[in-house]
1. Using a 1.4 Å probe on the protein heavy atoms only, what accessible surface does Arg174 show? Give it in Å² to the nearest 10.
2. Quick one: net charge around Val65, please, counting Lys, Arg +1 and Asp, Glu -1 for every other residue with C-beta under 9 Å from its C-beta.
3. From the Cα trace of region 68-153, what convex hull volume per residue do you get, rounded to a whole Å³?
4. Express the Stokes-Einstein translational diffusion coefficient of region 1-68 in µm² s⁻¹, to the nearest whole number, given a Kirkwood radius over alpha-carbon pairs, 37 °C and a viscosity of 0.692 mPa s.
5. Where does region 65-107 land on Rg/Rh, using Cα atoms and the Kirkwood Rh?
6. With a 1.4 Å probe and all protein chains kept in place, how much accessible area does Thr162 have, in Å² rounded to the nearest 10?
7. Please flag any cysteine in the chain that has no other cysteine's Cβ under 4.7 angstrom from its own Cβ.
8. Size of region 1-153 along its principal axes in angstrom, Cα-based, largest extent first?
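The values are calculated or read from the model by the stated rules, or taken from the named source; none is laboratory data. Since the structure is predicted, the reported quantities are computational estimates derived from the model, not experimental observations. All Cβ positions, glycine included, derive from the backbone under ideal geometry; neighbour counts span all protein chains shown. When the accessible area is computed, the model is the full protein with side chains, heavy atoms only, and any ligands, DNA or RNA have been set aside. Shrake-Rupley method; radii C 1.70, N 1.55, O 1.52, S 1.80 Å.
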Amino acid sequence: MSRKESEILSYVDHTQLKAFAVWEDIRKLCEEAVECRTASVCIPPCYVKRVRESYGNSLTICTVVGFPLGYSVKEAKLCETRQALADGADEIDMVINISDVKNGKFEAVLDEVKTLKEAVGSKILKVIVETCYLTKEEKIKMCEIVTAAGADFIKTSTGFGTGGATIEDVVLFRENIGENVRIKAAGGVKTREDLEKFLDAGCSRIGTSSAVGLLHGAPDQTY
């Protein structure tokens, strides 16, 4: 059954994370988010404070930490997280240390996610695992780690890797995460069919810059 546009948009983290994004890009994103009542705007950390000052509590602000490569040290990610929260962020999308995963240093990965969740507290922490670089076994291990760390979401991708979200990975996540962990798909979600497909597969959020324009007839502007 086809979903209403308003329902689809309520699951969307309306995203602008291009390295060269200017204030006009961010302002347009926020205006669209307010009008369309998206779940949040996902923006670079350097714009969080200005968006909070400009829009108050009229929208939910999501930002990124350790983005997009994930290999900064835990202490740096913690500093980023605290600053983002101080600037007014409601949600943090962190990138795991993919090198640690590939090296089998799973205790370090767990410690990092737990540390950031403790800093975020009652606000939302989404954990980007960048599925395109992981084996099936590593993806399952990340489901276990995200659950054990008490994070709120497991997120497929940054949108900057070699691949984005797939239905197969969402199904794998659904089978292996704890009951309190939700799923966010990101990267390559560009059509209405994609949006509905990922929601039907069990996603609670979708990160995309395309949804508002797509559902309102504007051209694609995917990050």
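1. Roll a 1.4 Å probe over it and Arg174 shows about 120 Å².
2. Local net charge: -1.
3. Output value, Cα hull per residue: 81 Å³.
4. Value of D from the Cα-based Kirkwood radius: 266 µm²/s.
5. 1.03
6. About 110 Å², ignoring ligands and nucleic acids.
7. Cys30, Cys36, Cys46, Cys79, Cys132, Cys143, Cys203
8. Sorted from largest, the Cα extents of region 1-153 read 44, 42, 30 Å.
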